[in-house]
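Participant: Pasting a structure below so you can have a look.
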Amino acid sequence: MQRLLSLLILFGIVSSSNAQNVLTIDSCRNMALRNNKQLSIVKFKQDVAINIRKALRTKYLPKVDVLGGYEHVSKEVSLLKNSQKDMLSNLGTSVGSFIGGKASGVLTDLIQQGIITPQVAESLGGLLNDFTSPIVQTGNNIGQSIRDAFRTDTRNIWAGSVMVRQPIFMGGAITAANHMADINEKIVDDDIELKRQNTLFTIDHTYWTIVSLRQKQKLAESYLKLVRKLDDDIHKMIGEGVATVADGLKVDVKENEAEIQLTQVENGLSLAKMLLCQLCGIEMDDTIELADEGVDEISCTNDFEWQQKFVDTSLRPEVRMLEKTVSLSKEATNLIRAPYLPQVALTGGYLVANPNPFNGFAKEFTGAWNVGVIVRVPVWNWFEGKYKVRASKAMTNIAKMELADVQEKINLQVSQCQYKVKEANKRLAMTQKNIRSAEENLRCANLGFSEGVIETTDVIAAQTAWQLAQSQKIDAEIEMKLALIELKKALGTLEY
């Protein structure tokens, strides 16, 4: 009982593993979208575009900067000239010299007039010197103190500030840059849609190619069975003497060709499945099975009206990207024009400094508020801005011409795809008729061969015609399927 339970559990695990390897078209699309590296790269670009747009939004808001620093200068700021410093240091000496000079002149005049004798004048000069000496000393001290009072001692400077800047009008540069960021973000979104549609187209093409190869593998196996049965019948008839060895050799050659065809189809099927695994992010040596491999006939029903008279090219992400490129070019013109227009900004802040310039450069911190308006008006630039704007407008015209050219090519591509669908539809109907004819021809050939009224070559030809008809039918079915997928992609309606 325990052994039976273990076998049942093992059977369940194996069945679950096999069920996980059966892939539908939707599951393949899901895995391919998750695994596509280019799509992942574009999604990172989308994140970049979003953050750039958010960063440019901050250009409308005021900016606050905080600055601070220390500086040591080898010389201090001086409010006095060197001559003025010397004069203040010798202020008492200068006064004493002046008084002494005037007194000497007076005494000399008195001696010449005979009012006083030289001895008296000498005595008076001595007394005058005793009187002026304290004045000279006091004057020099006063002058030196004044000189010291004018010292700034600004060799060590501390400074700091908080500054606020608010743009008022920057020539339209901020607005243009924000519009460009919005447009660029939408372009990235369209690029994601483009990569998504390309991925879906590739995975659908690979998926249905595998289904067609699987159908051809079944056809090759059926054809090989027919040829082997004919080969067995021929060799029996050779043994009975009613067929020749040449007939047997002809059938042997056909059997070898059928085996080679089966090998080629199997190899192609293996390579196609490896490609599908690579696109879906599965290990290439994994065994997978598609849900549509087991169908007897590929369904080619139209799930939309493919014969459309009006083509809306705006559904194509490429067209939307080019349309936004035109808008981006127009905003680039505004951005180029902005530096050549007047610009206005408000400023404000608070300044901190040490020494204090508002209190005789005292060794203390002080601060002051400030507000202002900055206006910049370009006056003359030798028409530089005019030439740049003209060049940017020319680039806009180029983008418009490229957009019109792509729209015309898309209309032509849609028409071509519609003709392909129409042609594939007709070919599919013809191959279905050919199948009925080939099956009837093969039935008659087998019946005639069993009755001995038809040669071996006729049976081989009927089998070959049947195989060709079946192969053409498979090709027509897959061609119809791929033509519809290609038309949807051309219309921009390849939805997930």
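Participant: Based on DSSP H runs of at least 4 residues, each adding -39500 (n - 2.57), what is the mean residue ellipticity at 222 nm of the chain after dividing by all its residues, to the nearest 500 deg cm²/dmol?
Facilitator: Numbers: 11 runs with 343 residues, N = 496.
Counting only the DSSP helices, I get -25000 deg cm²/dmol.
Participant: So, for segment 294-443, what is the accessible surface per residue at a probe of 1.4 Å, expressed in square angstrom? Can you show the working numbers first?
Facilitator: Numbers: 9900 Å² over 150 residues.
With the other protein chains kept in place, segment 294-443 gives 66 Å² per residue.
Participant: Calculate, axis by axis, the spread of Cα positions in segment 231-296 along the three principal axes, and write the results as whole Å, longest axis first.
Facilitator: Largest first, segment 231-296 extends 59, 21, 15 Å along its Cα principal axes.
Participant: Moving on. Which pairs in the list K195/K393; K216/K473; K409/K489 are over 19 Å apart, alpha-carbon to alpha-carbon?
Facilitator: Details: K195/K393 30 Å; K216/K473 10 Å; K409/K489 14 Å.
As for pairs spanning more than 19 Å Cα to Cα, those are K195/K393.
Participant: Hey, another quick one. By how many degrees, between 0 and 90 and to the nearest 10, does the Cα long axis of helix 456-491 differ from the longest principal axis of the chain?
Facilitator: Tilt relative to the chain: about 30 degrees.
Participant: Okay, next question. P(r) for segment 165-273: what percent of alpha-carbon pairs falls in each 10 Å bin, starting at zero?
Facilitator: 13, 20, 15, 12, 10, 8, 8, 6, 4, 3, 1
Participant: Which of the peptides 482-493, 135-146, 357-368 is most tightly packed, and how do the rest follow, judged by the mean count of other Cβ atoms within 10 Å per residue? Show your work: numbers first, answer last.
Facilitator: Values: 482-493: 20.1, 135-146: 15.7, 357-368: 12.9.
Ranking, from highest mean packing down: 482-493, 135-146, 357-368.
Participant: Right, another one. At q = 0.14, 0.20 Å⁻¹, what log₁₀ I(q)/I(0) does segment 339-437 have when each alpha carbon counts as one equal point scatterer in the Debye sum?
Facilitator: For the requested q values the scattering log ratios are -0.86, -1.04.
Participant: For segment 179-254, what is the accessible area per residue in Å², given a 1.4 Å probe and the full set of protein chains? Intermediate results must be reported in sequence, preceding the final value.
Facilitator: Numbers: 3430 Å² over 76 residues.
Normalised by residue count, the accessible surface of segment 179-254 is 45 Å².
Participant: In whole percent, and with a 1.4 Å probe on the protein chains, what portion of the accessible area of the chain is carbon and sulfur? Mind dumping the intermediate values first?
Facilitator: Numbers: 17860 of 30170 Å².
Summing carbon and sulfur atoms, their accessible area is 59 percent of the total for the chain.
Participant: How far apart, in nm, are two points set 7 Å out from the Cα along the Cα-to-Cβ line at T287 and at Y70?
Facilitator: 7.8 nm
Participant: By the scheme Lys and Arg +1, Asp and Glu -1, what is the net charge of all other residues having a beta-carbon under 9 Å from that of A345? Can you show the working numbers first?
Facilitator: Working: positive: R165, R376; negative: none.
Surrounding charge for A345 is +2.
Participant: Using just the Cα positions, wrap segment 187-239 in a convex hull and report its mean projected area in square nanometres, one decimal place.
Facilitator: Here the figure is 3.3 nm², rounded to one decimal.
Participant: Relative contact order of the chain: what whole-number percent is it, with Cα pairs under 8 angstrom and at least 6 residues apart?
Facilitator: Reported as a whole number, the value is 21 percent.
Participant: Next question, about the same structure. When the C-alpha atoms of the chain are aligned to their principal axes, what extent does each axis show, in angstrom, from largest down?
Facilitator: Cα spread of the chain along its principal axes, largest to smallest: 186, 68, 44 Å.
Participant: Between beta-carbons, use under 11 Å as the cut-off and find the net charge around I298, counting Lys and Arg +1, Asp and Glu -1.
Facilitator: Numbers: positive: R214, K473, K481; negative: D292, E293, D296, E297, D475, E477, E479.
Around I298, the charge tally is -4.
Participant: Also, quick follow-up: Per Stokes-Einstein, at 4 °C and 1.567 mPa s, what whole-number D in µm² s⁻¹ belongs to segment 42-83, with the Kirkwood radius over Cα pairs as the hydrodynamic radius? Please list the in-between numbers first.
Facilitator: Working: Rh = 15.8 Å.
Approximately 82 µm²/s, per Stokes-Einstein.
The values are calculated or read from the model by the stated rules, or taken from the named source; none is laboratory data. None of these values were measured; they are calculated from a predicted model. Heads up, the Cβs are rebuilt from the backbone with ideal geometry, glycines too, and the neighbour counts pull from every protein chain shown. Remember, those area values only see protein heavy atoms, side chains included, never the ligands or the DNA or RNA. Shrake-Rupley method; radii C 1.70, N 1.55, O 1.52, S 1.80 Å.
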